[in-house]
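Data first, discussion second: the structure below is written as structure tokens.
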Amino acid sequence: MNEITLHPLLFKPIYQYRLWGGRRLAGLLKEPLPEGPVGEAWILSDRDDHASVVTNGLYQGYTLTQLFAQYPENIMGKFASTFDRFPLLLKFLDCKEVLSVQVHPSDDQKEYIPPGDTGKTEAWVVLETGEKALIYSGLKPGTNADILRKALTEHKVADYIHNFTPKDGDAVFIHSGTVHTLADVVVFEVQENSDTTYRLYDWDRVDAKTGKPRQLDVDKAIACIDFNITNVGPVKPKIESALPILREQLFNNEHFILWRIQTEDQFSVGAEDVPRILVCVDGEGAVHYDGTDYPITKGDVMLIPAVLGVLNCSPKGKINLLEIAIPEN
């Protein structure tokens, strides 16, 4: 197929069992949930073990991995020679119970990264909060490795991690090396395409599925912690345009840029010669390309291949949309 047959691409979510998960993703995604606690929906993934499958148009049934391999220039544009797979992994998380206290390595900590993986910087946009909602992000100032190890023996790790009560719409940046966890929230997550996590503490619980505690990686976790990252709270959005088309930049770092768009009016998405990703977190609309409307509704993720350039999106009523870009470093 040649480049003109590419179009905006939708994908099927990949659900993941997690002992801390719940059932709230059923209110966000159309795909029925499997039984049991569902903690994650991987909505855009280019990994050997989990590759997102296209659900619309000419490429229905193709995986993102296949498209990336066959049409790298059309999908990635100027980034075609930069990455050997799609560099971002997108998820929805339903954190019914608290996650383990954890940390991710940075890109330069090669000894703690499995072959073929990367470090893991990530960010969250809070979509729903419960009565016990809490985000732990960053250590309290003055905490060091010795203090953490002592706290582990006393089961008091949480006493040394900054926490706050999140609100719907909060945006939180978790740089690699940040100690973190979260509870009783539904969030959208954007991250480097990595699945490397080191658990520091898991609240002394047992996984009902295995009957055993989950593995801890205390030494690796402590080695990956950046002890200078403390008291991490919600970011302050940077307003790029006001109503009637409210466009806020929530994150801008070396791995991803993310905007939140809230409007009832037609607006533009995409960019020339680079891919963009749209995630609809509320409402619905349609992206127009080559005389065809490509619907996007709550819970959908849409990849706009680089070759398509700038497109228009028309909401049906009010829409709340996230647009994600790969930085042109």
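The values are calculated or read from the model by the stated rules, or taken from the named source; none is laboratory data. Just so it is clear, the structure is predicted and the values come from calculations on it, not from any experiment. Please note: Cβ atoms are built from the backbone with ideal geometry, for glycine as well, and neighbour counts cover all protein chains shown.
Per-structure values
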read-out	value
Unmet requirement for Glu97, which otherwise passes all of (1) on the phi > 0 side of the Ramachandran plot; (2) of a type outside the set (Val, Ile, Thr); (3) touching a residue at least 12 places away in the same chain (Cβ under 8 Å)	(1)
Qualifying residue in segment 101-120 (condition: assigned by TED's automatic domain parsing to the domain that holds Leu44, of a type in the set (Val, Ile, Thr) and part of a loop (DSSP other than H, G, I, E, B))	yes
Residues satisfying the stated conditions in segment 46-93, i.e. in a loop (DSSP other than H, G, I, E, B) and either in contact with a Pro (Cβ under 6 Å, 6 or more places away or on another chain) or in the same structural domain as Met302 (by TED's automatic domain parsing) (or both)	Ala80
Set Leu258, Leu243: member being assigned to a strand (DSSP E or B) and either on the phi > 0 side of the Ramachandran plot or of a type outside the set (Lys, Arg) (or both)	Leu258
Filter result (closer than 17 Å to Leu10 by Cα and among the β-branched types (Val, Ile, Thr)) within segment 43-93	Ile43, Val53, Val54, Thr55, Thr63, Thr65, Ile75
Test for Phe251: is it within 25 Å of Gly119 (Cα to Cα), hydrophobic (A, V, I, L, M, F, W, C), outside any loop (DSSP other than H, G, I, E, B) and at pLDDT 95 or above	yes
Glu154 vs. criteria over 25 Å from Asp195 (Cα atoms), among the acidic types (Asp, Glu) and either over 26 Å from the mean Cα position of the chain (by Cα) or surrounded by fewer than 17 Cβ atoms within 10 Å (Cβ to Cβ) (or both)	yes
Close pairs (6 angstrom Cβ cut-off, 6 or more residues apart or separate chains): aliphatic (A, V, I, L, M) in segment 195-206, surrounded by fewer than 18 Cβ atoms within 10 Å (Cβ to Cβ) and assigned to a loop (DSSP other than H, G, I, E, B) anywhere	Val206/Pro213
Selection count where residues are among the acidic types (Asp, Glu) and in contact with a helix residue (DSSP H, G or I) (Cβ under 7 Å, 6 or more places away or on another chain), scope segment 27-65	1
Strands (runs of 3 or more DSSP E) completely within segment 144-224 that count 2 or more residues being polar (S, T, N, Q)	180-192
Subset of segment 265-283 (residues that are part of a strand (DSSP E or B) and either surrounded by fewer than 18 Cβ atoms within 10 Å (Cβ to Cβ) or over 17 Å from the mean Cα position of the chain (by Cα) (or both))	Phe267, Ser268, Val269, Ala271, Val274, Asp282
